[in-house]
Amino acid sequence: KAIEINPQYTIAYLMRGITKSILKDYQGAIADSSKLIEINPQFTTAYEIRGDAKKALGDIEFACADWKEATALGSPAASMKLEEFCQ
């Protein structure tokens, strides 16, 4: 409902993306994270969530690209994933 009222409400996309990921709706999590990145390309957590969802779908190459972007934006968690899965 929040997104219907304000389609630019980044926190709503973030929370919905996290929820979809928990529910294993990885395509939905990717879609919400991508929309969040479109609204705010500096939103580090969106790259992390999208990378995690891509990894869950077996797309490690694109997961690594998202984690690399999140790392460049200053995410220590993404940096650890990049080291673990992308070497």
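Of all residues in region 66-87, which are touching a residue at least 12 places away in the same chain (Cβ under 8 Å) and of a type in the set (A, V, I, L, M, F, W, C)? Result: Trp67, Ala70, Leu73, Ala77, Ala78, Leu82, Phe85, Cys86.
Being over 15 Å from Glu48 (Cα atoms) and hydrophobic (A, V, I, L, M, F, W, C) is the filter; apply it to region 7-29 and report the residue that is least open to solvent (accessible area, probe 1.4 Å). Here the residue is Ala12.
Just one of (1) assigned to a helix (DSSP H, G or I); (2) surrounded by fewer than 16 Cβ atoms within 10 Å (Cβ to Cβ); (3) of a type outside the set (S, T, N, Q); (4) in contact (Cβ under 8 Å) with a residue 12 or more places away in the chain fails for Glu4. It is (4). Identify the residue in region 33-87 that is closer than 30 Å to Asn6 by Cα and aromatic (Phe, Trp, Tyr) and, among all such residues, is surrounded by the fewest Cβ atoms within 10 Å (Cβ to Cβ). Step by step, filter region 33-87, then rank; the result is Phe62. Of all residues in region 1-55, those satisfying the criterion of being among the small types (Gly, Ala, Ser) and under 18 Å from Glu69 (Cβ atoms) are Gly17, Ser21, Ala29, Ala31, Ser33, Ser34, Ala46, Gly51, Ala53.
The helices (runs of 4 or more DSSP H) found entirely in region 9-73 that carry 2 or more residues being acidic (Asp, Glu) and closer than 22 Å to Glu83 by Cα are 44-56, 60-72.
The values are calculated or read from the model by the stated rules, or taken from the named source; none is laboratory data. Remember, predicted model here, so these are calculated numbers, not experimental data. All Cβ positions, even for glycine, are placed from backbone atoms using ideal geometry, and neighbour counts span all protein chains on display. Quick note on the areas: whole protein, heavy atoms, side chains included, nothing else; ligands and nucleic acids left out. Shrake-Rupley method; radii C 1.70, N 1.55, O 1.52, S 1.80 Å.
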